[in-house]
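Take a look at the structure set out below.
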Number of protein chains: 2
Amino acid sequence: MRCGEIIAVGSELLLGGRLDTNSLFLTERLGPVGVEVRFKSVVGDVEDDIVAAIRTAARRADVVVLTGGLGPTVDDRTRQAVARATGCPLSRRPEALEGMRRRLATWGRPPTAAQLRQALIPKGAEVLANPVGSAPGFRLSWKSCLIVALPGVPAEAEQMFFLAVAPELAAESAAHERIERRVLHTFGLPESDLDGKLQGVVRAGRGVRLGLLASPLGVTVTLTACGAHPGTPKAPKAGRNARESVLDRLTRIVRRRIGRYVYAEGAETMEEVVGRYLADQGLRLAVAESCTGGLIGHRLTQVPGSSTYLDRVAVCYSNQAKIELLGVPEDLMRQHGAVSAEVAAAMARGIRIRSHAGVGLSVTGIAGPGGGTVMKPVGLVYVGLDTGENDRSVTREFRFHGDRQAIKMRASQAALEMLRRWLVRTGARVRS
Amino acid sequence: MRCGEIIAVGSELLLGGRLDTNSLFLTERLGPVGVEVRFKSVVGDVEDDIVAAIRTAARRADVVVLTGGLGPTVDDRTRQAVARATGCPLSRRPEALEGMRRRLATWGRPPTAAQLRQALIPKGAEVLANPVGSAPGFRLSWKSCLIVALPGVPAEAEQMFFLAVAPELAAESAAHERIERRVLHTFGLPESDLDGKLQGVVRAGRGVRLGLLASPLGVTVTLTACGAHPGTPKAPKAGRNARESVLDRLTRIVRRRIGRYVYAEGAETMEEVVGRYLADQGLRLAVAESCTGGLIGHRLTQVPGSSTYLDRVAVCYSNQAKIELLGVPEDLMRQHGAVSAEVAAAMARGIRIRSHAGVGLSVTGIAGPGGGTVMKPVGLVYVGLDTGENDRSVTREFRFHGDRQAIKMRASQAALEMLRRWLVRTGARVRS
């Protein structure tokens with residue numbers, strides 16, 4: 001197993017507040033070609049700092065991937081930093097210039113003086129053509145280390161990684177060195193309870209790591225089969241199939257223990273799973289939201305093709321809107337309050353009947369920070385589901401913690417999970 | 001200006017896909033107390049790797065903040081790693097134990113054997129009490145470096161940083177070393193055009209850096225006044241006020257050049273700005289969304305207190321819903337298509353009149369990836385605004401690029417920006 005390090009270059013990345021999608025992508029893709037990313041670093045557009053980061057990385061990693069700092073401005077220092085760190089001087093390379101000229105020509109422009117700087121490549125490095133933008137990248141073998149420089153724009157970095165970096169790394173990696181991963185997304189059980197249920201599944205020294213990661217969307221369980229590296233026990237030197245089957249066997253055991261809380265596996269999201277069930281069963285959905293404010297609709301419509309199964313979403317913040325759009329009786333709200341099981345049921349029923357959809361889903365609750373009382377505290381949420389079965393809506397009460405945003409997220413997840421479980425049951429009934 | 005490095009510990013952070021909120025928070029807070037974060041590192045739960053990261057950081061930084069790896073499990077290796085990297089052996093510290101016992105007692109539990117491990121602290125380090133959770137942190141002066149270890153849970157790390165780390169760092173920092181930053185959020189102008197308009201505002205050697213950062217929400221302009229460090233020109237050694245006024249003067253120049261595109265400054269978001277105007281003017285808003293699928297409602301309701309000015313949101317994916325909930329004439333959709341200026345106008349008008357709100361806002365468009373045609377391609381979006389003025393809705397056409405998620409985000413931002421500009425104008429009229 002080769003050790004990988006990612007260095008993201010850019011002062012704006014030090015400021016934070018952005019998801020570093022390049023690192024995410026690279027980590028995901030390097031594992032299957034036998035490179036385990038064990039370090040990530042972020043540095044600003046300061047040449048000395050980039051040089052320091054490259055030197056540190058080259059000492060501890062076999063594969064170093066830099067992203068960013070290849071643009072035409074004087075702030076783009078990655079080329080110079082690699083040249084200084086490795087002692088391979090820059091020179092203008094015809095193949096880099098040619099690729100850039102060709103790309104710019106399709107946009108009807110000659111390269112500017114600044115852009116010509118982008119053709120400066122360290123001696124001995126191989127130029128990587130950029131099929132999307134103008135900045136070429138490069139790959140340099142230095143000492144026992146492979147240094148790869150890619151642009152910071154995710155679409156460009158991804159294309160270049162796929163075309164020019166991944167195939168070679170894959171060819172060099174032994175089958176047993178590849179990292180395999182299984183990811184199971186759960187909702188409804190706290191991390192500590194999941195941890196208890198999974199005790200003893202993964203024993204030390206078997207070459208598989210178990211990880212739990214909690215968020216407002218639930219707890220994600222990750223099983224990773226990986227090669228040996230310092231500090232972790234050695235993995236058995238078996239072939240890929242043998243390792244895969246250990247991983248698959250352990251994943252089966254995990255599913256057996258916590259399967260009813262698993263709503264999705266791998267890269268699939270809750271909204272994709274729910275959408276798949278709705279499409280498969282030819283059902284149309286209508287949603288009535290209060291405290292989630294449109295988040296359920298937003299999440300459902302992130303999925304391409306959702307217009308085939310999502311009819312409408314009514315976000316009824318005011319009581320008047322609940323009366324007018326959903327037909328919730330004013331008396332019901334006066335008697336039980338807008339945040340109550342009774343109103344959740346009436347909302348789900350109302351949106352389903354008015355939209356002629358097959359399923360109605362509703363949420364009403366108190367997202368905070370204001371609006372809570374002793375009897376109805378912040379975090380109290382009711383979810384309603386109306387499917388026309390037994391002529392009544394089903395409701396559930398939740399008490400979530402966290403801030404407004406976390407409560408909205410947990411409430412949307414709880415509502416979609418309630419819908420998913422019903423869809424699983426009806427799907428099973430239809431098939432049997 | 002002291003150099004800072006943040007080391008985030010946790011194998012799950014190497015997997016990616018999560019926003020590292022701790023780094024964001026720490027970077028924001030360290031600047032004003034005279035520490036410029038120039039490096040960020042991420043390492044897994046591997047003791048050797050954490051030791052390597054600490055040694056590298058201690059060589060190049062004056063202040064090293066570690067987050068994570070202080071929990072009770074055997075995977076939590078930060079304590080051991082600091083002990084090994086610095087040669088300060090661990091011992092169980094009564095003050096750490098006492099704080100933990102007290103906290104657990106309020107939950108009615110004695111510490112478990114695993115939790116007792118959390119009281120192991122490197123020799124010479126000062127224990128930092130955790131006012132939120134059970135894991136204590138610590139602070140250790142080693143060689144010329146300050147090493148701070150905080151828990152990975154953001155709420156705990158933030159509290160401990162504020163209570164026990166920030167005050168001392170502030171006391172140690174000279175006034176002229178503090179980093180000051182001005183952030184202006186713009187929408188409606190491409191990055192390259194903004195760059196052109198801002199040419200020459202910030203000249204080299206003035207100790208102020210100008211940064212542009214594009215996202216689907218627009219382009220963020222950052223002006224940072226910072227101390228000198230290798231690779232950047234030296235800042236003038238003036239007092240804090242002199243530096244602040246340079247920064248304020250430059251910010252004024254930036255505002256003069258691009259002010260009409262600035263929708264918010266600092267940490268404020270578009271939805272907060274719009275909410276503030278609506279609340280100030282006592283106006284109620286109703287929204288009719290199509291392709292944004294609830295995102296506008298979700299964003300508006302992220303703001304506490306939004307129920308006072310947001311009446312309702314109708315997400316009308318189907319034509320039938322547009323007819324029933326908004327009263328859009330069927331003929332109009334047949335004639336112009338659901339994605340048209342005419343339908344956007346009718347949606348904004350319909351939701352305003354039916355809800356009796358003061359303002360109606362609408363969006364209709366093609367988020368893709370399917371559903372586009374030559375005449376109406378993916379990314380075509382119409383925004384409608386109906387305020388009852390002049391008895392007609394105002395509409396605008398946009399052609400956005402990007403994937404489904406980016407188009408939804410840009411469309412929601414364009415709609416809120418159109419609303420904001422109207423609110424600014426009416427606010428000015430009311431005041432004058």
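Side notes on the structure shown:
- Remark: C-alpha extents of chain B on the principal axes read 80, 55, 44 Å, sorted largest to smallest.
- Charge dipole magnitude, Cβ of K and R +1, D and E -1 - chain B, Cα centre, debye nearest 20: 1120 debye
- 15 Å beta-carbon shell around B:Asp193, net charge (K/R +1, D/E -1): +1
- Relative packing of B:114-120, A:191-197, which averages over residues the other C-beta atoms within 10 Å, highest first: B:114-120, A:191-197
- Per-residue shielding of A:46-56, expressed as the average number of other chain Cβ atoms within 10 Å of the residue Cβ, stands at 4.
- At an R0 of 25 angstrom, the distance between the Cβ atoms of B:Arg55 and B:Leu163 translates into a FRET efficiency of 0.30.
- Each other residue within a Cβ distance under 12 Å of B:Lys376 adds +1 if Lys or Arg and -1 if Asp or Glu, for a net charge of 0.
- Cβ-based exposure ranking for B:Ile296, B:Ile258, in which fewest neighbours within 10 Å come first: B:Ile258, B:Ile296
- Rounded Å value of the spacing that divides the Cα centres of the stretch A:70-97 and the stretch A:18-66: 18 Å
- Per-residue mean of C-beta atoms belonging to partner chains within 10 Å, peptide A:281-293: 3
- Nearest 10 degrees, 0 to 90: helix A:341-355 Cα axis against chain A principal axis: 80 degrees
- Each part reduced to its alpha carbon centroid, the stretch A:373-432 and the stretch B:323-392 end up 31 Å apart.
- Max mean-square fluctuation residue, GNM over chain B, Cα-Cα springs under 10 Å, options B:Asp331, B:Asp76, B:Asp62: B:Asp331
- Going from the fewest other Cβ atoms within 10 Å to the most, the residues B:Glu330, B:Glu12, A:Glu98 appear in the order B:Glu330, A:Glu98, B:Glu12.
- Burial ordering of A:Tyr277, B:Tyr317, B:Tyr309, fewest other beta-carbon atoms within 10 Å first: A:Tyr277, B:Tyr309, B:Tyr317
- Most mobile of B:Trp107, B:Trp422, B:Trp142 in a GNM of chain B (Cα contacts under 10 Å): B:Trp107
- Computed E for A:Ala105/B:Asp248 - FRET, C-beta separation, R0 60 angstrom, nearest 0.05: 0.85
- Highest-first arrangement of B:385-393, A:149-157, where packing means the average Cβ count within 10 Å: A:149-157, B:385-393
- For the stretch B:270-431, the equivalent ellipsoid built from the Cα gyration tensor has semi-axes of 24, 17, 14 Å, listed from largest to smallest.
- Counting only Cβ charges, +1 for Lys and Arg and -1 for Asp and Glu, the dipole size of the protein assembly as shown around its Cα centre is about 1000 debye.
- Residue-wise HN-Hα coupling along the stretch A:95-112, computed from phi with Karplus coefficients 6.51, -1.76, 1.60 (Hz; x: Gly, Pro): 5, 5, 5, 4, x, 5, 4, 5, 5, 5, 4, 5, 8, x, 10, x, x, 7
- Nearest-ten-degree value, helix B:240-258 long axis tilted from longest Cα axis of chain B: 20 degrees
- Adding -39500 (n - 2.57) for every DSSP H run of four residues or longer, then dividing by how many residues the protein assembly as shown holds, sets the calculated 222 nm ellipticity at -12000 deg cm²/dmol.
- Averaged over the residues of B:301-310, the number of partner chain Cβ atoms lying within 10 Å of the residue Cβ comes to 5.
- Chain B: most fluctuating residue of B:Glu172, B:Glu36, B:Glu47 per GNM, C-alpha cutoff 10 Å: B:Glu172
- Under 5 Å from the amide H of A:Phe400 lie the amide H atoms of A:Leu380, A:Val381, each residue being 5 or more positions distant or on a separate chain, with H modelled from the backbone and absent for Pro and chain starts.
- All-pairs alpha carbon distance profile, the protein assembly as shown, 20 Å steps from 0, percent: 14, 43, 38, 6, 0
- Cα long-axis angle, helix A:21-30 against chain A (0 to 90 degrees, to the nearest 10): 70 degrees
- Residue of chain A nearest the A-to-B rotation axis [by Cβ], rounded angstrom distance: A:Gly294, 2
- Neighbour net charge for B:Pro151 - beta-carbon separation under 12 angstrom, K R +1, D E -1: -2
Bear in mind that the values in this text are calculations on the coordinates, not laboratory data. Being a predicted model, the structure only gives us computed values, none of them experimental. Every residue, glycine among them, receives a Cβ derived from its backbone with ideal geometry; neighbour counts consider all protein chains shown.
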